[in-house]
Amino acid sequence: MKRKLLFILLTLIGGSSHLYAQNEINSLRNYLQENSGIISQSDASEMSVSSAYRSPSTGWYHMYMQQNFEGVPVYNRIITAVLVENEVRHLVNQFESDFETRVIGSSDKLKISPETALLNAVRSLNIAESKAVVQSTRNTKSLASGKVIKAELDAPALSSEPVQAQLYWYPVSNPENPTIKQFTAVWNIEFEPEDPSNVWSVFVNANDGSVVETIDRVVHCSFGESAAEHRKHNTSARNQIASTPPDSSYRVFDYPLESPIFGNRTLVSKPYDKFAPMGTGPGTSNGWHEDSVAMNNYLAGNNVWAYQDVNSGNAPVSTNPSSANLNFDFSYSTDSTSASNQNAAVTNLFYWNNLIHDVLWRYGFDEPSGNFQTSTMGRGGLGSDYVRAEAQDGGGTNNANFFTPVDGQRPRMQMYLWTNGTDGDFDNGIIAHEYGHGWSNRLTGG
C-alpha cells in the first residue's frame, strides 16, 4: 500500500516539480509517505498542486493540494501545508475520504451546459432572463476527453465583467441518511450584477439544472449606530489646514487612532516606508501613487483606488480629489455635511487601505500569497487586482462591506454613511475590519 501511494505521490507531485521548489516538493512527498494514514491511495489518485509559493516576507513555503475526481475539482477540499526550512511544520487535510463511493452520477454525462446553468441561476434570483443572453464563451478549460470544466461567459446585459463558470463536485444531503454526505456535479456560476451590493455565486446541478445553493460573495457587516459615533469630540484642532504642508502628505486620523473620538487628525508625510522600508517591501513600488504605468496625482496607485461613490455607480466618476504635488490636506468637521467632508473622507480611506496593505505585507500577505496589487513587481501571484475603495457609497447606510474575488480580480470595499450623521470612512476600525475580510478570504484555501 505504501509503495503504491509513494508512486502516486511521485507522479502527481514530482511531475510538477519544475513549477515549484524541488526541496519542498520532496519534503512534502516524504511526509505524506511516512504518514500514509493522511490520505488513501484512491483519494490521492487525482490530487494536484493548486498553488505553491515561498513568502518573501516570512520565508515560509506554502503548498495547497486540490482533491479531484474524474478530472473535476472537489469544492473546497484542500490539503494545506506550511514548510519551514524544508520541514513540514503545519498540515491540514480537508480531503473527503472514500470519495469515489459517495459520488452521484458521472461528470462525463452532464445534461446542463454553462450557458443553461447561468439562465437557471438568473431565474432563481428573480433577474430578467433577457439579461442572461450570452454573446460569447471564451477562455474555456477542457480535459483531454474534451469535457469543459471552466469557462467565461460574456453576458453584458447582466454584468460588465465576464461571468465565471466552473465545474465542481459539490456536497449534497443524502435523503436516506442525512449524516452521510454525497457529491454531485455542479456548475458554479459567479457574477457581479448591476446592483453593486451583491456578487452572486450560484451552484447549479449539472444534471437536472436545479439550484443547489446560492452565496453572496460580498461580506455585509452591521456595526450599529454606536460604532461610528464621532460627533461629540472637539474637532477645532483638526479643522486647521497646514500653511506649508510637506511634500506627499495626507491629513488623516493616523495610526494608532481608531476614529475621531480618540484624537485629532495629523499631517503624515511620505508614509510609504512606515511599516515596510524602501527596497524591502511594497515601498519598492515608489510610494502609494504609482500603479506600474504612471504616477497618479489623485488617490490611486498600485494597492488601491479610493473615490467617492455617492450615486452608487460602483465606479469612480472623477479623479477628485487630486493634487499636483501629492499634498492631500482637506478640511473636516463633524458639524459639516458629508459632502463638505468628502475629500477628507476619500483621503482617509486611501491612506488606511495602503497602511493596512503594508502592515499585512510585512506579516505574510504578500504578492505570491494573493494580496491586492496592480503590479506584483515580479514577485509572484497575479496582479490587476487593486482594491476599489468606495467612500460615502450611496448603496446603503449604517454598514460597510467587502467583496473578495480570486487572485487577479479586483476586490471592492464599500463604506457607507450613518443615519446619525457620521461617516464610516473616518472609522479606521471599520476600514481594517472590512480589509480583514479580504485578506482572510484570499489566504483561506489556495
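Checking 92, 88 one by one, the residue that is aliphatic (A, V, I, L, M), loosely packed, with under 13 Cβ neighbours inside 10 Å and either farther than 28 Å from residue 370 by Cα or in contact with a Ser or Thr (Cβ under 8 Å, 6 or more places away or on another chain) (or both) is 92 and no other.
Note on the range 109-130: residues that are within 28 Å of residue 78 (Cα to Cα) and in contact with a Gly (Cβ under 9 Å, 6 or more places away or on another chain) amount to 3.
Inside the range 194-218, residues that are touching a helix residue (DSSP H, G or I) at 6+ places or on another chain (Cβ under 8 Å), under 26 Å from residue 409 (Cα atoms) and surrounded by fewer than 21 Cβ atoms within 10 Å (Cβ to Cβ) make up a count of 2.
Only a single criterion out of (1) surrounded by fewer than 18 Cβ atoms within 10 Å (Cβ to Cβ); (2) touching a strand residue (DSSP E or B) at 6+ places or on another chain (Cβ under 7 Å); (3) polar (S, T, N, Q) is not satisfied by residue 159, namely (1).
When we screen 145, 173 for residues that are in contact (Cβ under 8 Å) with a residue 24 or more places away in the chain, out of contact with any Pro (no Cβ under 9 Å at 6 or more places or on another chain), polar (S, T, N, Q) and closer than 23 Å to residue 111 by Cβ, the only hit is 145.
Among all positions in the range 66-81, there is no residue which is surrounded by fewer than 20 Cβ atoms within 10 Å (Cβ to Cβ), out of contact with any Ser or Thr (no Cβ under 9 Å at 6 or more places or on another chain) and over 18 Å from residue 407 (Cβ atoms). The residue of the range 297-316 that is modelled with the lowest pLDDT, among those that are among the polar types (S, T, N, Q) and within 19 Å of residue 409 (Cβ to Cβ), is 314.
Scanning the range 318-332 for residues that are surrounded by 14 or more Cβ atoms within 10 Å (Cβ to Cβ), at negative phi and assigned to a loop (DSSP other than H, G, I, E, B) yields a total of 6.
If I filter the range 173-182 for residues that are crowded, with 17+ Cβ neighbours inside 10 Å and at pLDDT 95 or above, do I get at least one hit? Looking through the range 173-182, none of the residues is crowded, with 17+ Cβ neighbours inside 10 Å and at pLDDT 95 or above. Return yes or no: is residue 407 acidic (Asp, Glu), in a loop (DSSP other than H, G, I, E, B) and in contact with a helix residue (DSSP H, G or I) (Cβ under 9 Å, 6 or more places away or on another chain)? So residue 407 passes the test.
So, residue 188, is that one assigned to a strand (DSSP E or B), crowded, with 16+ Cβ neighbours inside 10 Å and not acidic (Asp, Glu) or not? Taking the combined requirement at face value, the residue satisfies it.
One line per residue, one yes/no per condition, for (1) assigned to a helix (DSSP H, G or I); (2) modelled with pLDDT of 85 or more:
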{"residue": "8", "(1), (2)": "yes, no"}
{"residue": "28", "(1), (2)": "yes, yes"}
{"residue": "49", "(1), (2)": "no, yes"}
{"residue": "59", "(1), (2)": "no, yes"}
{"residue": "92", "(1), (2)": "no, yes"}
{"residue": "112", "(1), (2)": "no, yes"}
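One residue stands out among those in the range 333-366 that are of a type in the set (Phe, Trp, Tyr) and not in a loop (DSSP other than H, G, I, E, B): the one that is farthest from the chain's Cα centre (by Cα), which is 351. Please determine whether any residue of the range 367-387 is surrounded by 24 or more Cβ atoms within 10 Å (Cβ to Cβ), more than 12 Å from the chain's Cα centre (by Cα) and within 30 Å of residue 78 (Cα to Cα). Yes: one or more hits.
Selection within the range 127-170: residues that are among the β-branched types (Val, Ile, Thr) and in a loop (DSSP other than H, G, I, E, B). The member of this set that is nearest to residue 113 (Cα to Cα) is 134.
The values are calculated or read from the model by the stated rules, or taken from the named source; none is laboratory data. Since we're looking at a predicted model, the values are computed, not measured. Virtual Cβ from ideal backbone geometry, glycine too; neighbours counted across all protein chains shown.
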